[in-house]
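Following: one structure in structure tokens, then a few remarks.
The values are calculated or read from the model by the stated rules, or taken from the named source; none is laboratory data. Owing to the predicted nature of the structure, the values given are computational and were not obtained by experimental measurement. Glycine gets a Cβ as well: all are built from the backbone with ideal geometry, and neighbour counts include every protein chain shown. All accessible areas refer to the heavy atoms of the entire protein, side chains included, with ligands and DNA or RNA removed. Shrake-Rupley method; radii C 1.70, N 1.55, O 1.52, S 1.80 Å.
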Amino acid sequence: MSITASIRIYRALLLAYPRPYRARFAAAMCETFGDALDAARTEGSLALSRLWLFAVLDSLRIGAAERFGPPAGRRHRQAVPQQGRSRWRAGDGIVRTALQDVRYALRGFRRAPGFTIVATLTLALGVGANTAIFSVVNGVVLRPLPYNQPSQLVTLWGGSSRSKDVMVTIREATSLAGVTGYSHVRLGLIGSGDAEEIAGARITPNHFSVLRVPPFLGRTFTEDEGVPDQDDVVILSHGFWQRRFGSDSSVVGTRIQLGARARTIVGVMPPRYRPIARGWQFWIPITIDPSDFSDYAGTAGTMLLARLQPSVTLEAARAEVRTIAARLAEKAPEVYTEEWINSSAPVPLRDTMVGEVEQALWILLGAVGFVLLIACANIANLLLVRGRARRKEFAIRTALGAARTRVTRQLFTESALLGLIGGSVGLGAGALSVQVLVGAFPSSLPRTDAIAVDGFVFAFALAVTVVASVVFGLVPALRSTQGDLQDSLKDAGRSVLGTRRHRFQHALVAAEVGLSVVLVVGAGLMVKSFWRLQQVDPGFNPANVLTMRLSPPPSRYTGEAQLRAYFRQVHQDLMAVPGVESVGAAAFLPMAGSSTATVYTVENRPLPEGTPRRYANAQFVTPGYLRTMAIPLLSGRWLDDTDREGSPIVGVVNETMAREAWGDEDPIGAKVQMFGHLDFTVIGVVGNLHQLGPDVDVRPEAYFAAMQLTWAPNLYLTIRTTEDPTNSIAALKDAAWNVDRDVPISRVRTMEDVVSRTVADSRFLALLLGAFGLLALVLGTVGVYGVMSYVVGQRTHEIGIRLALGGKAGQMLRASMVRGMIPVTAGVVLGLLGAIASTRLLSNLLFEVTTTDLTTFALVPLILALVAAAATYVPARRAANVDPMISLNAE
């Protein structure tokens with residue numbers, strides 16, 4: 001039977017059907033007509049296909065008119081329904097329609113698994129990365145500190161050599177409800193199990209009352225326990241109490257040997273209390289004697305914490321504190337300089353705790369935000385391509401009587417459902433990634449215990465998913481239903497679309513490329529900064545060096561002679577371990593972030609009046625330390641075994657101190673005074689050492705023989721071995737413990753690990769930004785490839801005609817490449833402009849790299865352009881090599 005005869009039979013049946021059922025009949029036959037149309041196209045009958053389409057369009061319009069026109073036999077039955085029932089039926093209809101849209105969308109996803117998987121994974125990557133990073137930002141930066149009214153807590157200046165002056169004077173401030181001081185301390189604990197060194201804090205007795213944190217067991221300190229000889233008390237953290245004392249509630253009142261003294265446990269802090277510094281396991285009092293304001297009288301290095309009065313603003317407190325600082329400066333202008341006065345203003349405790357990492361975390365969140373935008377642009381392109389492939393379906397539905405808003409709502413439902421699926425997968429991936437991130441973050445990151453996927457993070461992920469669904473779903477839904485109904489049903493004309501209909505997709509490609517440029521440039525700057533940081537010469541050779549900290553209990557080693565004898569014996573036993581080349585010891589380990597700075601003066605070289613005092617680091621070492629660390633000797637001699645008790649005090653200075661104090665003159669034999677009372681003779685000059693890290697300028701430094709002086713009993717051993725020192729850890733610890741089993745050994749690690757930790761922050765930031773930049777590059781490349789594949793595919797008929805008329809494949813390839821690279825070039829230009837503006841945020845995080853580094857700004861766009869060109873070349877070459885006859889017949 002011919003198709004024309006089929007059409008006539010169909011029209012006769014349609015007119016023969018009862019009027020109320022014609023629409024149902026027309027809708028039921030639509031699918032059959034579509035199958036017949038496909039069969040006709042397969043046979044290559046283009047004219048027959050068009051005739052069939054016009055017949056189908058005509059019949060569907062008739063059915064639609066019958067469906068939506070009011071039936072004549074029922075007009076008299078129309079009455080005003082009850083309001084409640086009408087409302088219920090309207091709501092029921094909305095729900096039923098929504099469920100139909102969801103079911104239809106799910107069937108569509110099942111029929112296109114490739115599209116569904118790619119779109120879901122793309123969105124999941126963006127949502128998951130944003131969820132993970134926002135969890136960190138929320139826990140570290142946004143979540144309030146775990147104290148009572150934390151917004152009232154501020155930190156004041158501290159750490160000066162005369163902190164006692166400040167601690168006593170600042171109590172005059174009426175804008176402060178309470179002031180407390182604290183400083184870090186590490187003490188050895190012996191008895192009650194194995195000896196160990198634990199971290200804690202010295203605090204003024206009112207510390208916990210200022211924080212408004214009650215104890216879990218016992219009590220806090222009293223004011224009487226803040227004076228000398230009354231401070232033999234200690235408060236334990238809840239975790240340490242559980243680990244060391246097995247949660248024994250009778251521990252209050254017992255005595256433990258902590259450091260040089262036996263102390264009474266008077267309290268245990270609650271389990272949810274978080275100390276100001278991570279890792280504190282005990283608290284002991286700071287003793288203040290107001291009659292003694294000498295340097296290092298027990299409060300040097302003390303930081304100050306205060307609580308504002310409820311009615312006082314931060315600005316008012318800053319003004320009063322600056323006034324007090326100015327009064328202190330009048331008494332001792334050589335100590336309290338103008339710079340010190342300007343930096344004395346109170347700072348919110350939150351800023352003190354997270355200020356160093358806050359900027360980096362916000363930058364990471366902005367980076368993953370860019371990744372999400374790129375992912376949205378990719379999905380929008382996919383939906384546009386899918387929508388144009390379904391234009392015939394939309395036209396048929398419109399011909400059946402469906403309004404454009406109804407079709408648009410269906411498409412938007414599909415986008416929302418796709419966003420829900422991708423967002424759910426992304427939320428799960430983000431929650432799993434949080435634990436990985438917390439474990440990988442450097443130890444300097446504060447408040448890691450507060451990082452979790454809580455309700456606020458879940459709400460953020462939901463908001464991101466909703467916004468993303470709107471961003472990538474709304475515009476494609478609107479554009480896919482635009483256009484003339486007849487044109488949508490005609491296959492002709494599809495191949496000569498021109499560029500206007502692809503303008504929006506090209507704009508999305510340009511946006512993807514631009515965002516990728518910004519992100520990859522930022523990542524490139526951080527990677528280059530990290531590389532520069534690694535190239536800094538530390539001033540010593542960390543290879544094959546093992547370090548460990550020994551803390552002889554002051555209760556057992558009460559005199560200098562005992563300490564010297566102990567360390568000499570340890571040195572001797574360690575040298576006997578197979579594979580050990582040399583052994584040294586120092587009070588401060590290089591690159592560990594700590595040192596002791598003090599004023600120094602040079603004999604017969606007074607400073608001009610008004611010149612700030614000079615400061616230098618003081619390092620107490622054993623004779624083998626400088627050679628063990630391979631610090632080069634520039635002039636003079638090393639410290640050796642002859643520099644011991646009873647001999648003249650000598651010291652070795654670094655190159656920076658020699659140049660600052662003596663210029664080009666030879667400092668050997670010069671007399672120097674440090675700490676206000678320590679006079680020594682310079683016997684040598686050694687190379688510079690980056691004591692505080694590779695990104696900190698080298699400071700003047702002097703090395704003294706520990707065997708000559710009174711020094712802190714805790715020393716870091718440095719042991720150089722012939723092979724990997726980690727293989728000798730057990731033997732080395734046993735050798736030290738053979739001298740005294742009650743001496744705690746802690747911080748056992750290689751010197752290479754110590755150096756690596758100094759760049760951990762930069763390394764982690766570079767890795768994360770690099771990963772996000774790589775992800776952006778991949779997503780951008782996929783987006784360019786997808787758009788070009790579709791655009792070139794739409795121009796296959798046009799290309800076939802040009803080839804049939806004598807055009808060359810090379811010309812077609814070049815033309816397609818030029819069209820594809822236009823949005824890419826626009827994106828690169830816009831991205832460079834955006835990178836110039838945005839990379840200024842990285843200025844405080846870069847090391848020896850400018851925010852407009854020429855190499856990075858030239859290399860990144862070149863790489864992106866080459867990758868985009870490759871993504872454009874593949875579909876362009878495939879289209880240029882198509883057979884013209886196949887291309888024309890396909891239309």
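Taken together, the residues in region 127-164 that are in a helix (DSSP H, G or I) and either surrounded by fewer than 19 Cβ atoms within 10 Å (Cβ to Cβ) or at pLDDT 85 or above (or both) amount to 19. Check whether at least one residue in region 739-762 is among the small types (Gly, Ala, Ser), modelled with pLDDT of 90 or more and part of a helix (DSSP H, G or I), and report yes or no. No, the conditions are met nowhere in region 739-762. Considering (1) open to solvent by 20 Å² or more (accessible area, probe 1.4 Å); (2) at pLDDT below 90; (3) farther than 27 Å from ARG763 by Cα, the lone condition that ASP695 does not fulfil carries the number (3). Does region 258-297 hold any residues that are polar (S, T, N, Q), at pLDDT 85 or above and either open to solvent by less than 20 Å² (accessible area, probe 1.4 Å) or outside any strand (DSSP E or B) (or both), and which are they? Of everything in region 258-297, just one residue is polar (S, T, N, Q), at pLDDT 85 or above and either open to solvent by less than 20 Å² (accessible area, probe 1.4 Å) or outside any strand (DSSP E or B) (or both), namely GLN281. Considering the conditions (1) modelled with pLDDT of 85 or more; (2) at positive phi, GLY301 is excluded by exactly one of them, (1). All of HIS238, HIS184 fail the test of being modelled with pLDDT under 90 and in contact with a Lys or Arg (Cβ under 9 Å, 6 or more places away or on another chain), apart from HIS184.
If the condition is being buried (at least 17 other Cβ atoms within 10 Å of the Cβ) and closer than 14 Å to ARG568 by Cβ, then region 632-651 contributes only ASP643. A single member of ALA431, ALA380 is under 28 Å from the mean Cα position of the chain (by Cα), open to solvent by less than 30 Å² (accessible area, probe 1.4 Å) and modelled with pLDDT of 80 or more, and it is ALA380.
Please find, among GLY831, GLY780, GLY786, the residue that is assigned to a helix (DSSP H, G or I), under 29 Å from the mean Cα position of the chain (by Cα) and at pLDDT below 85.
Details: GLY831 fails: at pLDDT below 85; GLY786 fails: under 29 Å from the mean Cα position of the chain (by Cα).
After applying the criteria, what remains is GLY780.
Contact map, region 677-693: residues that are closer than 10 Å to VAL652 by Cβ and in a strand (DSSP E or B) paired with residues that are open to solvent by less than 20 Å² (accessible area, probe 1.4 Å) and basic (Lys, Arg), Cβ distance under 6 Å, separation 6+ or inter-chain. No pairs are found. Among residues of region 436-468 being assigned to a helix (DSSP H, G or I) and closer than 23 Å to THR758 by Cα, the one that is nearest to the chain's Cα centre (by Cα) is LEU437.
With (1) under 19 Å from TYR615 (Cβ atoms); (2) of a type in the set (A, V, I, L, M, F, W, C); (3) surrounded by 20 or more Cβ atoms within 10 Å (Cβ to Cβ) as the list, and ALA705 as the residue in question, which single condition is left unmet? Only one criterion in (1) under 19 Å from TYR615 (Cβ atoms); (2) of a type in the set (A, V, I, L, M, F, W, C); (3) surrounded by 20 or more Cβ atoms within 10 Å (Cβ to Cβ) is unmet by ALA705, namely (1). Per the listing GLY279, GLY246, the residue uniquely among the small types (Gly, Ala, Ser) and within 27 Å of MET353 (Cβ to Cβ) is GLY279.
VAL621 - would you say it is under 27 Å from GLN562 (Cβ atoms), crowded, with 18+ Cβ neighbours inside 10 Å and aliphatic (A, V, I, L, M)?
yes
Filtered by the rule that a residue be touching a Leu at 6+ places or on another chain (Cβ under 7 Å) and in a helix (DSSP H, G or I), region 208-249 gives VAL210, SER249. Taking region 319-353 as the range and being open to solvent by 10 Å² or more (accessible area, probe 1.4 Å) and under 32 Å from the mean Cα position of the chain (by Cα) as the test, the residues that pass are ASN342, SER343, ALA345, VAL347, PRO348, ARG350, ASP351, THR352, MET353. Pairs linking a residue in region 342-360 that is among the charged types (D, E, K, R) to a residue that is assigned to a helix (DSSP H, G or I) and open to solvent by less than 40 Å² (accessible area, probe 1.4 Å), with Cβ atoms under 8 Å and 6 or more positions apart or on different chains, are ARG350/PRO150; GLU358/VAL140; GLU358/VAL141. Look at region 612-641: where a residue is under 30 Å from TYR336 (Cα atoms) and part of a strand (DSSP E or B) and a partner is open to solvent by 20 Å² or more (accessible area, probe 1.4 Å) and of a type in the set (D, E, K, R), sitting 6+ places away or on another chain with Cβ atoms under 8 Å, you get TYR615/ARG699; ALA616/ARG699; ASN617/ARG699.
Put simply, of SER192, SER209 the only residue that is open to solvent by 60 Å² or more (accessible area, probe 1.4 Å), more than 32 Å from the chain's Cα centre (by Cα), at pLDDT 90 or above and of a type in the set (Ser, Thr, Tyr) is SER209.
Condition check ((1) surrounded by 14 or more Cβ atoms within 10 Å (Cβ to Cβ); (2) in contact (Cβ under 8 Å) with a residue 60 or more places away in the chain; (3) part of a helix (DSSP H, G or I)) across all residues:
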{"site": "ARG814", "(1), (2), (3)": "no, no, yes"}
{"site": "MET821", "(1), (2), (3)": "yes, no, yes"}
{"site": "VAL824", "(1), (2), (3)": "yes, yes, yes"}
{"site": "GLY827", "(1), (2), (3)": "yes, yes, yes"}
{"site": "SER838", "(1), (2), (3)": "yes, yes, yes"}
{"site": "VAL849", "(1), (2), (3)": "yes, yes, no"}
{"site": "ALA858", "(1), (2), (3)": "no, no, yes"}
{"site": "LEU862", "(1), (2), (3)": "no, no, yes"}
{"site": "LEU866", "(1), (2), (3)": "no, no, yes"}
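Among the criteria (1) at pLDDT below 90; (2) under 21 Å from THR601 (Cα atoms); (3) buried (at least 17 other Cβ atoms within 10 Å of the Cβ), the one MET657 does not fulfil is (1). Residue count for region 717-738 under the criterion of being surrounded by 15 or more Cβ atoms within 10 Å (Cβ to Cβ) and not in a helix (DSSP H, G or I): the result is 5.
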